[in-house]
Structures are given as structure tokens and as C-alpha cells.
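Working notes, beginning with the structure itself.
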Amino acid sequence: MRISNRKPGFFPLTIIFCLFIVFLYGPTLTIAILSFQGPDGGLTFPLNGLSLHWFKALFEKQQVGDFGGSLMRSLLLGFAVMICTVLFSLLAGLAYRRAFKGSTVLFYLTLVSLILPSILISLGIGIMFDRLGLSPHWYSSAFGAHLTWSLPFGLLIMFAVFNRFNKAYEAAAVDMGATSWQTFRLVVLPLILPSLIGVGLFGFTLSYDEFARTIMTAGSFNTLPLEIYGMTTNVTTPVLYALGTFTTVFSFILIVLTLVIITAIKRRQKKPLPSSEAHV
């Protein structure tokens, strides 16, 4: 009965969706399988044994490349971009809750970096540092280049959050005698905190895998995307697959932790406030 009640387009769309899933996750699964080969394994099937050899070799000194150093640089850069993206997006979102002179021009100037090709942004920052007599580094010029990519997205998200924010909560807190800081800390911040976590995760992800805006701004030390790109023409062992598997697992762990934190925050918000905080 249930099968007969399916609409005509159900099975074709199901097949298309399954093919999409295979196309999306098939290459990642293939790399993951090949990364567990034995010490004599190659870059293609069939597998030559099963082991964790290439994961152990991942952080050892390589003949070509620096996986450990590039990974650490990408993590540090990603977390720095994440923090600044959350902070600046929050401040900009709060500022735009009230009209001010030049707000429209500033908004469109912020969005320009999303329209311009990323490689031109990278080239422009690299030339600017060269004209100023400064050496580009992953923690300076690349950091600024990544912010030009993450901040507009964070700003757009905060605009959407505050556009649907019910100001009655703030008015109620003020009526109860709360100061501006207490209203923000006890009312506004808890309500928008899940969105801020999303902005932070978005900012970290955009920085962690950014290639075009890093290629001419990272200086002498590569970030992970640049290292992977350079290693694709030199590495002839599955250690590159092990790196891909490691970063994929790390990304999924980060997403799961974010979801757990957001769920815990929402559950905490449903609990009644202690008497000391209920009467601010």
C-alpha cells in the first residue's frame, strides 16, 4: 500500500539523490580506504595490506613537505580568523541595529570582497605588502586576506539574526531595571549564542581550506591547502591520503562538537534562571 501511494517522481528522485551522495562522498571514502594500506602500499588499488603506517608517518619528517607544520599553521590561522570573525560580526550586527550615516556604503564595500575573484584579492594584498617593504606571512597578510573572505559572511548571518530578533525581550529586561550591559549579557547574548557559534565555525572553515587568498600572501611557510597542492606533484606514497583522512575526520569531529554545544545551550536556555539572575 505504501509503495503504491508513492508519487511518480519518488523513485527517479531517490536514484538521483543516491547518485549525488555517491558522487559527493565516494572520493573521500576511496581516499580513506587507500590511507590504511601497508608500508608497501601505492596510490591506487588494489590494497597492499592493512595498517596505520601512513598515519604514523604523517607527522614524521618527510623527504618532501611539512605536514605537521602546515597543519599547525592552518589551525592557528583558522582559530584566529574564527575569533575575529565572531567579534567583528557581532559588533557590526549590533551597530547596524540603528541607522547611522554611511551605513549603506560601508555595507556594500564589505560585500565587494565576495564579488572580486579571490586570486585578485591575494595578488593585491601581496603587492601592497611588497610596496610597503613588508614580508608577507601566514599570520599577517594571509590573516587579513582570510578576514576579507570570512567577515562578509559573518556580517550577513548576523544581519539575518538581528532582523528576526524580538526586541520585546530587551524591553522587558529594561522594564525590570536591567542596565544595558545586563540586558546584553543576560538576554541578547544567550539568545544569539548558537548563531555566534555557527559564525565561528563558518569562519574557521573558510580559513582552514582557503587556497586562492593564501597562495600569494602566506610567505615562505605554507598552510595546509598550499602544502597539499604542492605535494600532489611530488608525493608518491599514501601519506597524502592519510592527511586527507585525518583532516576529514577532524572536520566531522568539529561539526559534531559544535552541534553538541549548541544543543546544550538550547537546553540550558529552557531551564528557569536562578533567583539571583531572574531579578536583575
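The values are calculated or read from the model by the stated rules, or taken from the named source; none is laboratory data. Given the structure is predicted, the values throughout are model-derived calculations rather than measurements. Methodologically, a virtual Cβ is constructed for each residue, glycine included, from the backbone with ideal geometry; neighbour enumeration extends over all protein chains shown. We work out accessible area using only protein heavy atoms, side chains counted, and drop any ligands, DNA or RNA first. Shrake-Rupley method; radii C 1.70, N 1.55, O 1.52, S 1.80 Å.
Looking only at the range 160-204, residues that are assigned to a helix (DSSP H, G or I) and within 20 Å of residue 262 (Cα to Cα) come to 24 in all. In the set (1) more than 30 Å from residue 105 (Cβ to Cβ); (2) exposed (fewer than 15 other Cβ atoms within 10 Å of the Cβ); (3) not acidic (Asp, Glu), residue 164 fails one condition alone, (1). Of 44, 85, all but one fail to be hydroxyl-bearing (Ser, Thr, Tyr) and either surrounded by 14 or more Cβ atoms within 10 Å (Cβ to Cβ) or under 22 Å from the mean Cα position of the chain (by Cα) (or both); the exception is 85. Residue pairs whose Cβ atoms lie under 6 Å apart, sitting 6 or more positions apart in sequence or on different chains, and linking a residue in the range 94-114 that is surrounded by 10 or more Cβ atoms within 10 Å (Cβ to Cβ) to a partner that is of a type in the set (Gly, Ala, Ser), do not occur here. Identify the residue in the range 221-234 that is assigned to a loop (DSSP other than H, G, I, E, B) and in contact (Cβ under 8 Å) with a residue 40 or more places away in the chain and, among all such residues, is nearest to residue 252 (Cα to Cα). The qualifying residue nearest to residue 252 (Cα to Cα) is 223. Close contacts from the range 180-203, counting a first residue that is under 24 Å from residue 149 (Cβ atoms) and of a type in the set (Phe, Trp, Tyr) and a second that is assigned to a helix (DSSP H, G or I) and open to solvent by 10 Å² or more (accessible area, probe 1.4 Å), with Cβ to Cβ under 9 Å and a gap of 6+ residues or different chains, come to 202/82; 202/153; 202/157.
Let's see how each residue does on (1) at pLDDT 85 or above; (2) open to solvent by less than 80 Å² (accessible area, probe 1.4 Å):
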site: 194; (1), (2): yes, yes
site: 201; (1), (2): yes, yes
site: 235; (1), (2): no, yes
site: 256; (1), (2): yes, no
site: 266; (1), (2): no, no
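Condition (residue is open to solvent by less than 30 Å² (accessible area, probe 1.4 Å) and closer than 26 Å to residue 198 by Cβ) applied to the range 58-71: is it met by at least one residue? Yes - at least one qualifying residue is present in the range 58-71. When the test is whether a residue is open to solvent by 30 Å² or more (accessible area, probe 1.4 Å), of a type in the set (A, V, I, L, M, F, W, C) and touching a residue at least 12 places away in the same chain (Cβ under 8 Å), residue 243 does not pass it.
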